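Visitor: Below you'll find the structure I mean.
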Ligand code: PGA
């Protein structure tokens, strides 16, 4: 059975005052699942114990002349044990392509981090009926052969559902996750991401091949995030 993971992606949100929310999330995190926050890197080293933490992106190199970038080794040094790679906002804002994401995945592994590899189709892809083809191509292009249940999590995040309040339907999520499960084998955790909230979490976690969620907006406060983690623990 894959591990169950409730992962929060704070994106570019969170000053030091937000550590109070991280502490409340650590205090309330349910047993039996991994509760994980990916705060801005500026907060990583200050995150409370009792929570796993991750970076939101990493450079493929270990060090060097790359102004403004962070290596996977730096994230690990600041306490991270996970790193998101290939988030659609990175693909859109920073032009990251599958080959870049593959290099970042390998960088995360090199630093001992578990990569949370994000893939997802656009609305245009979905309406054209090419969702599964697009996801297969992203997976093939960005996941190296060395992926194991210890070093890799795959997050399905339909681009049209991120930050829009539009959550994919359970049937849409089930179709994709069943196809991903057939590709990655029985043990790599598969997360859904895109407008997950307490109100829709339980029906998503009831699906056979959904092992947790990658949550943006609803991970910023304990009041929003803990009920999602509890729904996962109860699933
Ligand atoms: P959202 O973001 O929950 O705010 O839609 C999800 C994500 O980008 O991981």
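Quick note: the coordinates plus some simple rules give every number you see, no bench work behind them. This is a predicted model, so every value here is computed, not measured. Cβ placement follows ideal geometry from the backbone for every residue including glycine, while neighbour counts extend to all protein chains displayed.
Visitor: Quick one: the Cα spread of the chain along its three principal axes, in angstroms, biggest first?
Guide: That works out to 43, 40, 31 Å along the principal axes.
Visitor: Counting each pair of different Cα atoms once, what's the Kirkwood radius of the range 1-71 in Å, rounded to one decimal?
Guide: 13.4 Å
Visitor: When N counts the residues of the range 148-235, how does its alpha-carbon radius of gyration compare numerically with 2.2 N^0.38 Å, as a ratio?
Guide: Output field value: 1.02.
Visitor: Another question, then. Can you pull the one-decimal nm distance between simple spin-label points at residue 27 and residue 234, each 7 Å off the Cα toward Cβ?
Guide: Result for the modelled spin labels: 2.2 nm.
Visitor: A further question on this structure: Residue 202 versus residue 69, label points 7 Å from Cα toward the beta carbon: distance in nm?
Guide: With each label placed 7 Å out from Cα toward Cβ, I get 4.6 nm.
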